[in-house]
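Reviewing the structure listed below.
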Amino acid sequence: MRYMNIKSKLITTAFCAALTFGNLAFAADPQATTPDPAEMQKMMQHMMSQMTPELKEKVQALSPQSKQTLGRLQMLHDRRSDSLTMVQIMQEILADYQRMAAAIATDHAEMAIDAAHNLAHHRLPRGGLLAYMPLDTIKDETVDVLLVFQDMVEGNTLRLAEAAKQGDMGRAAGYLGPIAQGCVACHNYFRGQPGISAMLLPKK
């Protein structure tokens, strides 16, 4: 229960911080340009073509605003795969995070910047983000939460890169914790602790 309260506070704080950018969908990357509507529609149609009818129905039931926001969010990632799974993408993100930490520990600003930009603009898995969530979690509220986690992880990663670019490795190091908190909160929100059986009673 205490962990869930901490997670809720993290999400609320990040959501409020993201709102200060004015455009929540691009809070994680203030330098991002408005995506081309035709290109965004093409990307979404391609991802929809890879979905099962059940998943496609859930996505189509989203509000027009959520569909637009989801498309813009995914357009922040110009690297997309038609074969990699979400687990493989998470492995890439972890490798980039570890590379950032190593760069900061060794005062290697250029490596920190490279790893940060690689993480912030990580590949999207086959089918996009929603394909790896339980069907009952795919709703308008989920899109809002995705934006919060985008700022907690990718947003703080870009801030780390900017600090490293300015030569302030101490400030850059301060973002490693919030990035990890965003990762943990996101995992807990969407899948819980991996490997836990629904057939067992919860721990007392």
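Listed values, structure above:
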read-out: Region 114-134, subset touching a Lys or Arg at 6+ places or on another chain (Cβ under 6 Å) and either closer than 19 Å to ALA180 by Cβ or aliphatic (A, V, I, L, M) (or both), residue surrounded by the most Cβ atoms within 10 Å (Cβ to Cβ); value: ALA115
read-out: Residue list for region 39-53, filter: surrounded by fewer than 14 Cβ atoms within 10 Å (Cβ to Cβ) and outside any loop (DSSP other than H, G, I, E, B); value: GLU39, GLN41, LYS42, GLN45, HIS46, SER49, PRO53
read-out: Residue among HIS117, HIS122 that alone is assigned to a helix (DSSP H, G or I) and either of a type in the set (S, T, N, Q) or at pLDDT 90 or above (or both); value: HIS117
read-out: Residue among ALA102, ALA161, ALA95 that is within 19 Å of ARG79 (Cβ to Cβ), free of Cβ contacts under 8 Å to residues at least 60 places away in the same chain and touching a His at 6+ places or on another chain (Cβ under 8 Å); value: ALA161
read-out: Pairs where the first residue, in region 142-154, is more than 16 Å from GLY71 (Cβ to Cβ) and the second is crowded, with 22+ Cβ neighbours inside 10 Å and at pLDDT 90 or above, C-beta under 6 Å, 6+ apart; value: PHE149/GLY182; MET152/GLY182; VAL153/ILE179; VAL153/GLY182; GLU154/ALA120
read-out: Residue within region 157-175 that is open to solvent by 40 Å² or more (accessible area, probe 1.4 Å) and within 15 Å of LEU62 (Cβ to Cβ) present; value: no
read-out: Number of positions in region 82-108 that are surrounded by fewer than 19 Cβ atoms within 10 Å (Cβ to Cβ) and more than 19 Å from GLN150 (Cα to Cα); value: 10
read-out: Residue in region 128-145 that is at pLDDT below 90 and aromatic (Phe, Trp, Tyr) present; value: yes
read-out: Out of LYS56, LYS67, sole residue that is open to solvent by less than 70 Å² (accessible area, probe 1.4 Å) and either modelled with pLDDT of 90 or more or out of contact with any Pro (no Cβ under 6 Å at 6 or more places or on another chain) (or both); value: LYS56
read-out: Members of region 184-200 found to be crowded, with 17+ Cβ neighbours inside 10 Å and of a type in the set (A, V, I, L, M, F, W, C), listed by number; value: ALA185, CYS186, PHE190
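The values are calculated or read from the model by the stated rules, or taken from the named source; none is laboratory data. No experiment lies behind these values; they were computed from the predicted model shown. Note that each Cβ is placed from the backbone with ideal geometry, even for glycine, and that neighbours are counted across all protein chains shown. These accessible areas exclude ligands, DNA and RNA; they are computed on the full protein's heavy atoms, side chains included. Shrake-Rupley method; radii C 1.70, N 1.55, O 1.52, S 1.80 Å.
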